[in-house]
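Visitor: Structure provided below as structure tokens; questions to follow.
Each reported figure results from applying straightforward, stated rules to the coordinates on display, with no laboratory input. A quick note: this is a predicted structure, and the numbers were derived from the prediction, not measured. Methodologically, a virtual Cβ is constructed for each residue, glycine included, from the backbone with ideal geometry; neighbour enumeration extends over all protein chains shown.
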Amino acid sequence: MIVTDEIRLETEGHTDIQDITPQIEQAVAASQVHDGTVTIFCPGSTGGLTTIEYERGVITDLQQILDEMVPPDRDYRHHLRWGDDNGSSHIRAALIGPSLVAPIVEGELTLGAWQQIVFLDFDTRPRSRRLVVQVMGE
């Protein structure tokens, strides 16, 4: 069985990190899949998905490390080509990746005790985002 759903988010940009675990758990429960996988995918080139302990200290640390690795105020060739300011957003999204897969066992996500699924919006402005959630299994 394959069940496809979506999540809509309003984000602030600038490495806004949102916990989407409850929405994913809800999609898994609604699918009635007992064993399988859930795939979450972000259409677009300035967002990413990963897992993290969703705690203010870790979130701030991750945002700081990304600023150090991919500085937002650097000159990016992307800015020259399109006249915009989100070159760092595209690089960060490429590093984190646009999708995540998690196993479903006995109808439950197999996340660790301190592990949440998060969406990261790297763009330089607020956005309306759509995430595709596809549950597969039996």
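Visitor: Please sort 70-81, 24-35, 112-123 by packing, taking for each peptide the average over its residues of neighbouring beta carbons within 10 angstrom, highest first.
Guide: 112-123, 24-35, 70-81
Visitor: Now for a separate question. Compute the length gained on full extension between Thr50 and Ala94: take 0.36 nm times their separation in residues and subtract their Cα-Cα distance, giving the result in nm to one decimal.
Guide: Gain on stretching Thr50 to Ala94: 14.6 nm.
Visitor: Pairing the Cα long axis of helix 87-96 with the longest principal axis of the chain, what angle in degrees results, from 0 to 90 and rounded to the nearest 10?
Guide: Tilt relative to the chain: about 30 degrees.
Visitor: Can you give the relative contact order of segment 18-137 as a percent, counting alpha carbon pairs under 8 Å and 6+ residues apart?
Guide: 52
Visitor: Among Gly36, Met69, Gln26, which residue has its Cα positioned farthest towards the positive end of the charge dipole of segment 1-83, with +1 placed on the Cβ of Lys and Arg, -1 on the Cβ of Asp and Glu, and the dipole taken about the Cα centre?
Guide: In segment 1-83, that residue is Met69.
Visitor: Have a look at segment 18-137 and give its Rg and Dmax from the Cα atoms, expressed in angstrom.
Guide: 16.0, 51
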